[in-house]
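Rule-based calculations on the coordinates, nothing more; no lab input. Being a predicted model, the structure only gives us computed values, none of them experimental. No Cβ is skipped: glycine too gets one built from the backbone with ideal geometry, and neighbour counts run over all protein chains shown.
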Amino acid sequence: MTAGRSGEQTGSRSGPEADDGSAHGFGNAYGSGNDGEHSSGENGSSENGSGDGLEAAGSPPPGARRPGGRTARVREQVLGAVGPLLVEHGFDGLTVDAVAARSGVHRATVYRRWRDVGGLLADVLDAAGDDGWRPADTGSLEGDLRALNEEVQEALTEEPSVALALIAASFRSEEAARALRRFWEERYARCEAVVGRAVERGELSPPVDARKLVVSSTAPLYHQRVLLHSEPDPGLPAEAARTAALAARAGAFNGAPATPQPRATS
């Protein structure tokens, strides 16, 4: 997740890039890279009711085809203002009016399309999932996991870190929390390719619970930065990747993924 640097990629990346030529990375839950500052002329094109092309309130469902033209431009302006405001003022300082002012889009349009702060945050996260990111293929399981961890570390340690700001905001907004869970589920699903390649190369014997393996590799990065608020450890991405790869080769993740059990109802 980046604020203004979402197009950068880490030096270790060798996998496919995003469809638009940018690489948002595993940890990037903020894909716009737009600071939301536009001229008053653009604002004028968005003010007039239905003329902005934005229909009913609420975000399109995940995976839905995104609209183009003026609708897409307005959405880019608005979402591009959310991240900078969030890191500058925190969740309590993020308001629909502030986003409208920063983006140059009329407040009535923003309220009609996104309703509230929760809707804005959710759409930022859903938009991030529209990229073409894929995990790097370095030729080895440990190398792939290390490249993945380096992307996570970059997102969590950049200044300012929109990733950390969005994670914090998810504890204040249930709508944002649901969107963040969707984002991680989708990202981890893409990362199953790392394990599939390792099986094809003969590094691992199937069946392997790919989700558990990838989570075990990335978890130390989040634990250090999000829970402990520790200073970045340059060696941690490689160390965590090596540990997870050794555990995987020892059979720690052998077995099919567990089937989720339905929650008991009272």
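Here is how the numbers come out for the structure above:
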quantity: Separation of the Arg70 and Ala256 label points, Cα + 7 Å toward Cβ, nm; calculated: 5.3 nm
quantity: Amide hydrogen neighbours beyond the local backbone of Val208, cut-off 5 Å, H modeled; calculated: Gly255
quantity: Rough spin-label spacing in nm, given labels placed 7 Å along Cα→Cβ, for Ala219 and Arg178; calculated: 2.7 nm
quantity: Packing rank of 109-117, 86-94, 143-151, where each peptide gets the mean count of other beta carbons within 10 Å, highest leading; calculated: 143-151, 109-117, 86-94
quantity: Contour minus Cα-Cα distance for Glu159 and Ala193 (0.36 nm per residue); calculated: 9.2 nm
quantity: For segment 93-108, 3J(HN,Hα) per residue [Karplus equation, 6.51 cos²θ - 1.76 cosθ + 1.60, θ = phi - 60°, Hz, x = Gly/Pro]; calculated: x, 8, 10, 4, 4, 5, 5, 4, 5, 5, 7, x, 9, 4, 4, 5
quantity: Extension gain (nm, one decimal) between Glu185 and Ser140, 0.36 nm per residue minus Cα-Cα; calculated: 13.9 nm
quantity: Tail weight of P(r) past 25 Å, computed on alpha-carbon pairs of segment 97-240, percent; calculated: 38 percent
quantity: Cβ-based net charge around Leu221, under 14 Å, with every Lys or Arg adding one and every Asp or Glu removing one; calculated: -3
quantity: Inter-label distance, nm, simple model (7 Å from Cα along the C-beta direction), Arg242/Ala101; calculated: 5.2 nm
quantity: ³J(HN,Hα) computed for each position of segment 125-137 - Karplus, 6.51 cos²θ - 1.76 cosθ + 1.60, integer Hz, glycine/proline x; calculated: 5, 5, 5, 5, x, 7, 6, x, 4, 9, x, 5, 10
quantity: Karplus-derived 3J(HN,Hα), 6.51/-1.76/1.60, for each residue of segment 224-234, Hz, glycine and proline x; calculated: 5, 8, 8, 8, 8, 6, 7, 5, x, 9, x
